[in-house]
Amino acid sequence: MKLRALIVDDEYPARQELRYALSRIDNVEVVGEATNAQEALMLIKALDYSVLFLDIAMPGMNGLELGSIIQELPRPPYVIYVTAYDEYAVKAFDVNAVDYILKPIDEKRLRKAIAKVMRLMQGSNGEVAATAEPRPEPLARIDRIPAEKNGKTVLVAEGDIVFAFTEGDAVYLKTYGDKFLTRFTLKELEARLNPNIFFRTHRCFIVNLHKVKEIIPYFNGTYSLVVDDKEKSEVPLSRAQAKKLRRILGF
């Protein structure tokens, strides 16, 4: 069985490098290339591809947006992201990516990703399953949030986050003694973080309830939450959210 592959990357050298790497793997046949997401979508609708090797940073629609769109198709191809950016790895599971490979391409890593696709396409008897439509296996969720510090991507453990907050147009994670910039909106962080631990106290703040040390009444039914960081920061609690938190804490 050969996998019918489509390569999507706006850079010609990157497409050539990947095509060459795939040519060294017997069970993959590259039958198409696209330079952007719109072109790729047209090709995917016209031909039944087995696997899509997809870049993320492209002009116009990016690879994550394309991955989301093709999951709505009747028989979406499996998606393997091939990108120079590691900070999008955690988001990849949202579009059912099978794997995430960083450039420059390591052939051994590429072969492992293809082996995953082959296993997904095969039934328990080793033949292609004819009754089930192929659906990519989601990547495992991890309790780490990618953030940035001094030009580096840092994976911050959920348990180390004291609170998240907006400052201007940016969103930050505050740990005991540090602050990290994220690429997420506060709404996206709220959806990602464990809802049994993290609570939206205010339109600009999400707090780790395990890190709250004191609740101080303010005025008009609002409060401040003193948290366990180096600065003993105070996080605002709005009147509407105060009612919810009182129910959670039982007072």
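The values are calculated or read from the model by the stated rules, or taken from the named source; none is laboratory data. Everything quoted here is computed from the prediction, not taken from an experiment. When we count neighbours, we look across all protein chains shown, and the Cβ atoms used for this are built from the backbone with ideal geometry, even at glycine. Surface accessibility is based on the protein's heavy atoms, side chains included, excluding ligands, DNA and RNA. Shrake-Rupley method; radii C 1.70, N 1.55, O 1.52, S 1.80 Å.
Of the residues that make up region 49-59, is at least one in the same structural domain as Lys108 (by the TED database), over 15 Å from Ile101 (Cβ atoms), polar (S, T, N, Q) and without any contact (Cβ under 8 Å) to a residue 12 or more places away in the chain? No, region 49-59 contains no residue that is in the same structural domain as Lys108 (by the TED database), over 15 Å from Ile101 (Cβ atoms), polar (S, T, N, Q) and without any contact (Cβ under 8 Å) to a residue 12 or more places away in the chain. When Ala92, Ala21 are screened for being at pLDDT below 90 and open to solvent by less than 30 Å² (accessible area, probe 1.4 Å), only Ala92 passes.
Confirm whether Val28 is closer than 18 Å to Lys108 by Cα, among the β-branched types (Val, Ile, Thr) and touching a residue at least 40 places away in the same chain (Cβ under 8 Å). I'd like the intermediate steps shown before the answer.
Values: closer than 18 Å to Lys108 by Cα: yes; among the β-branched types (Val, Ile, Thr): yes; touching a residue at least 40 places away in the same chain (Cβ under 8 Å): yes.
Spelling it out, Val28 is indeed closer than 18 Å to Lys108 by Cα, among the β-branched types (Val, Ile, Thr) and touching a residue at least 40 places away in the same chain (Cβ under 8 Å).
Give region 204-247 a look and list any residue that's in a loop (DSSP other than H, G, I, E, B) and charged (D, E, K, R), or say none. If the condition is that a residue be in a loop (DSSP other than H, G, I, E, B) and charged (D, E, K, R), then Asp228, Asp229, Lys230, Glu231, Lys232 are the ones that fit. In region 222-251, the residue that is farthest from Leu209 (Cα to Cα) out of those that are among the β-branched types (Val, Ile, Thr) and open to solvent by less than 70 Å² (accessible area, probe 1.4 Å) is Thr222. Based on what the data block shows, is Gly126 in a loop (DSSP other than H, G, I, E, B) and either modelled with pLDDT under 85 or not assigned by the TED database to the domain that holds Asn96 (or both)? Considered against the rule, which asks whether it is in a loop (DSSP other than H, G, I, E, B) and either modelled with pLDDT under 85 or not assigned by the TED database to the domain that holds Asn96 (or both), Gly126 comes out as yes. Meeting the requirement of 1 or more residues that are modelled with pLDDT of 90 or more, of a type outside the set (A, V, I, L, M, F, W, C) and more than 20 Å from the chain's Cα centre (by Cα), the strands (runs of 3 or more DSSP E) wholly within region 144-192 are 163-167, 170-174, 179-182. Within region 103-118, the set of residues being at pLDDT 90 or above and not in a helix (DSSP H, G or I) comprises Ile105, Asp106.
Take the conditions under 18 Å from Leu120 (Cβ atoms), assigned to a loop (DSSP other than H, G, I, E, B) and modelled with pLDDT of 90 or more and apply them to Ile44. Does it pass? No; evaluated as a whole, the condition is false for this residue. In region 178-196, the residue that is nearest to Asn208 (Cα to Cα) out of those that are among the polar types (S, T, N, Q) and open to solvent by 60 Å² or more (accessible area, probe 1.4 Å) is Asn196.
One line per residue, one yes/no per condition, for (1) assigned to a strand (DSSP E or B); (2) touching a helix residue (DSSP H, G or I) at 6+ places or on another chain (Cβ under 8 Å):
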{"residue": "Leu52", "(1), (2)": "yes, yes"}
{"residue": "Ile56", "(1), (2)": "no, yes"}
{"residue": "Ser68", "(1), (2)": "no, yes"}
{"residue": "Glu72", "(1), (2)": "no, no"}
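Apart from one condition, Ala46 fits all of (1) in contact with a helix residue (DSSP H, G or I) (Cβ under 9 Å, 6 or more places away or on another chain); (2) farther than 20 Å from Asn96 by Cα; the exception is (1).
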